[in-house]
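Read the structure below first, then the notes.
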Amino acid sequence: MIKQHVVIKSLPNGISIGLDPSVSFETLCEEIRQKFSECAAFFKDAKVALSFNGRMLTTEEELKLVNLIREVSDITPICVIEKDYEENRIYARSLEMTLSEAYNTCVVHMGNITDRSHHKWEKGVLILGDVYPDCTVEAKGSIIVLGGLYGEAYAGCDWREDRFVIANDLSPQLLAIGRYQYEQEKKSKWPILSKTIPHIAYIENSAVVSKEISKEIWEKLPFRI
């Protein structure tokens with residue numbers, strides 16, 4: 001019997017992908033390509049969260065797998081969830097109410113933002129990649145970065161105070177929401193080699209604060225994309 005190095009499980013709000021840590025990343029990519037091509041009809045047009053487990057992945061490897069799955073199937077991955085979050089209500093609530101809304105109402109930017117570029121959007125934006133140092137992203141709505149935020153970010157340029165900024169690694173050079181600027185405790189880190197916990201920045205008591213994403217935050221705050 002041929003050993004399987006990739007195991008795919010369907011969850012209520014996403015897909016869990018088990019990865020064999022004993023084989024090369026290239027081997028995993030080939031098996032993922034084959035499996036998702038074969039089951040493309042089953043997940044047709046699905047917008048889902050992905051969870052990788054069994055093997056530690058870098059941000060670049062995660063993005064490569066996300067893009068590979070999108071390429072060979074009709075699946076639209078909306079984020080990658082850490083294993084510890086799978087049983088948390090945030091897995092269902094935030095994905096269904098916020099990230100799905102983002103795909104329907106935001107501009108979606110595919111890939112990293114690099115080369116000291118400045119991007120500006122007239123509504124919210126969902127960035128599928130990293131924002132590199134010395135790059136700037138600016139949006140009238142909220143900003144969601146499914147990667148690391150290492151440059152500058154300006155959300156809520158329409159002056160609404162229910163805007164927010166989310167990133168898998170929230171380490172900006174500068175961050176502001178509306179008229180309020182985020183005073184971070186430490187300088188941004190680059191590059192990031194270890195796993196990080198997604199954070200959200202939002203306005204609280206006339207200041208921008210940053211906290212780990214939790215179900216309590218989503219339940220009590222009226223965020224808007």
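Things worth noting here:
- Between L174 and E38, full extension at 0.36 nm per residue minus the direct alpha carbon distance yields a gain of 44.5 nm.
- The loop-placed trypsin sites (Lys or Arg not before Pro) in segment 110-175, going by DSSP, that have at most 15 neighbouring Cβ atoms within 10 Å of their Cβ come out as R116, K123, R160.
- Environment charge of A176, counting only residues whose C-beta is closer than 10 Å and scoring Lys/Arg +1, Asp/Glu -1: -1
- Listed peptides 53-66, 170-183 appear in the order 170-183, 53-66 once ranked by packing, highest mean of other Cβ atoms within 10 Å at the front.
- Table column - 3J(HN,Hα) (Hz), segment 148-160, Karplus curve with 6.51, -1.76, 1.60, x for Gly and Pro: x, 9, 10, x, 9, 9, 10, 9, x, 6, 8, 6, 6
- Taking θ as phi - 60° and the Karplus parameters 6.51, -1.76 and 1.60, the scalar couplings of segment 118-127 work out to 10, 10, 9, 10, 8, 8, x, 9, 10, 9 Hz in sequence order, x denoting glycine and proline.
- Loop-resident sites, segment 133-179, for chymotrypsin sites (Phe, Trp or Tyr not before Pro), counting at most 12 other Cβ within 10 Å (DSSP): W159
- Cα gyration tensor, segment 6-85 - rounded (a/c under 1.5), prolate or oblate: oblate
- Amide H contacts under 5 Å for G54, placed H, 5+ residues apart: L19
Any read-out appearing in this document is the output of simple, stated calculations on the displayed coordinates, not a laboratory observation. If you're wondering where the values come from, they're calculated on a predicted model, not measured in any experiment. We place every Cβ from the backbone using ideal geometry, glycine too, and count neighbours over all the protein chains shown.
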